[in-house]
Amino acid sequence: MSDDTSAAIKLASPSEAGPKQVSLHLMVKNGESVVGRLLDCVGPYVTGVVAVLNDCTDRTADVLAEKSRQYSLLPPVLVAVSSASHPELYIRDVPETYAVGRSLVGECYEGPFTHRHILADWAGARNLGWDKLSTRWRLFLDADDVIADPQSLPGLCKLLDESGLVAAATRYHYEVSSCGMPRVATFRERLARGVPEIRWSGYVHECLVGFEARKVAQVDGSLVVRDMRDSEGTGIRIPGRNLKVLYYHARRRAWQITPREMVYLAAESRVVMPRLAAKLIELYLPASRWPEEQSWAASIMGEIYENEEDYVSASHWYERSHELYPSVLPNMRLARSRFRQGLWAEAVAAYERGIALRDKIQLLDGGEAHESATQVLVAACLRKLGRVEEAARMCEEARSKYPHVAALREMHEDLVRDRARMGGSTAPGGRS
């Protein structure tokens, strides 16, 4: 993915955008409880559904058929995938699987294990259904996704056509709080032209290939997708699935893996196998040519050191992350690390530097939750520095987004007392 091209979308109604020309593509495992909601969301804007059903044992297929009839769509195209029908796509989740080949730094993956077959080639599975329905555009979602503005789909397709673009990546929010705040807001490919050369690639964290980066639009503010993570289906949350799949393939291929696979495996292993993650980042950084992804890798290294309570080294890596690609996230993490070193002014400075970059498009790992979480620490730093009025304002701003967080309530009460001692006053709601 590249940020060379961006588009501001002026929404069009379906009648203005012409006939529907989009097919919905899914890969679903026991999504009976959520696929109906998804079709209620996008059904008026698509021609039909293609669903790869991996290891489905519930009524997902029936719900898709019912909703397709309700919205006058084509009959759903269903592709069943299992370890019996497509054994080449699966691995058995047992200790022996992850001992194939050799370790990289003497590591040993210790589970947990399900002792069942798990899908280990998600792109391969997606590609089985990719060409099953011929439409001008393909929309791809997860079964437990919802779109905040599905009415933007026709206008977006129209604009892409007029601009000669072949794909669009739009905002993707996940790990959303009860107050509606996403912990992470990234960009992810959502629309692709229906041509044979565009395919899926990647064992997990799969992405589209077969087009030039400059032909992709990064669209901010339209077709915003939220991962609800609320499917009630059995077996859909396999512990450590991404780590297992990436680690197995890396060992199977004698560690001859792409830079993208290196950084994804580093991200997945940074807590359970930190030495492995650090080595992968060491190999990755000189091999990569994408500054934002390099910045992300450096930030992962900072997290590894932070987990070891080596905040000096962590701060070094967060600074390096900022140098590679100045953006919000490394500065929020640097502020946290400086706070833990007791460097109050430096923590505030890192936060302010990050906030100044908040309008810069960040494809990989953004989201207001990073900023709000850091506000709590920065408010504490401001209080240490005697800047009580600023601390109170920042604390109250964070409380407006996370009103039920006890630490924020306690900090606000402390700041009220501080201001009273200084001769100020604060109303119960936090307004002076």
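Tabulated values for the structure
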| read-out | value |
| --- | --- |
| Residues satisfying the stated conditions in segment 252-273, i.e. surrounded by fewer than 20 Cβ atoms within 10 Å (Cβ to Cβ), in contact with a helix residue (DSSP H, G or I) (Cβ under 8 Å, 6 or more places away or on another chain) and in a helix (DSSP H, G or I) | PRO259, ARG260 |
| Number of the exception - ASN127 against (1) surrounded by fewer than 19 Cβ atoms within 10 Å (Cβ to Cβ); (2) touching an Asp or Glu at 6+ places or on another chain (Cβ under 6 Å) | (2) |
| Residue in segment 266-288 that is of a type in the set (Phe, Trp, Tyr), assigned by TED's automatic domain parsing to the domain that holds GLU308, out of contact with any Phe, Trp or Tyr (no Cβ under 6 Å at 6 or more places or on another chain) and without any contact (Cβ under 8 Å) to a residue 60 or more places away in the chain present | yes |
| Filter result for VAL204 (under 30 Å from ARG275 (Cα atoms), β-branched (Val, Ile, Thr) and under 18 Å from the mean Cα position of the chain (by Cα)) | yes |
| Hits in segment 305-356 (condition: of a type in the set (Gly, Ala, Ser) and under 15 Å from HIS370 (Cβ atoms)) | SER321, SER327, ALA335, SER337, ALA347, ALA350, GLY354, ALA356 |
| Subset of segment 348-365 [under 17 Å from ALA398 (Cα atoms) and surrounded by 23 or more Cβ atoms within 10 Å (Cβ to Cβ)] | VAL348, TYR351, GLY354 |
| Condition met for LEU191 (crowded, with 21+ Cβ neighbours inside 10 Å and in a strand (DSSP E or B)) | yes |
| Members of segment 130-160 that are surrounded by 21 or more Cβ atoms within 10 Å (Cβ to Cβ) and over 22 Å from the mean Cα position of the chain (by Cα) | TRP130, TRP137, PRO154, CYS157, LEU159, LEU160 |
| Members of segment 85-104 that are among the hydrophobic types (A, V, I, L, M, F, W, C) and more than 15 Å from LEU119 (Cα to Cα) | ALA99, VAL100, LEU104 |
| Which numbered condition ALA345 misses (of (1) at pLDDT 80 or above; (2) surrounded by 14 or more Cβ atoms within 10 Å (Cβ to Cβ); (3) assigned to a helix (DSSP H, G or I)) | (2) |
| Selection count where residues are within 17 Å of the chain's Cα centre (by Cα), assigned to a strand (DSSP E or B) and more than 21 Å from VAL35 (Cα to Cα), scope segment 217-228 | 2 |
| Test for ARG214: is it surrounded by fewer than 18 Cβ atoms within 10 Å (Cβ to Cβ) and either outside any loop (DSSP other than H, G, I, E, B) or in contact with a Gly (Cβ under 7 Å, 6 or more places away or on another chain) (or both) | yes |
| Some residue of segment 297-307 being surrounded by fewer than 21 Cβ atoms within 10 Å (Cβ to Cβ) and free of Cβ contacts under 8 Å to residues at least 24 places away in the same chain | yes |
| So VAL225, is it in contact (Cβ under 8 Å) with a residue 24 or more places away in the chain and closer than 29 Å to VAL271 by Cβ | yes |
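The values are calculated or read from the model by the stated rules, or taken from the named source; none is laboratory data. These numbers were taken from a predicted model, which means no experiment stands behind them. Neighbour counts are summed over all protein chains in view; Cβ atoms, including those assigned to glycine, are modelled from backbone coordinates with ideal geometry.
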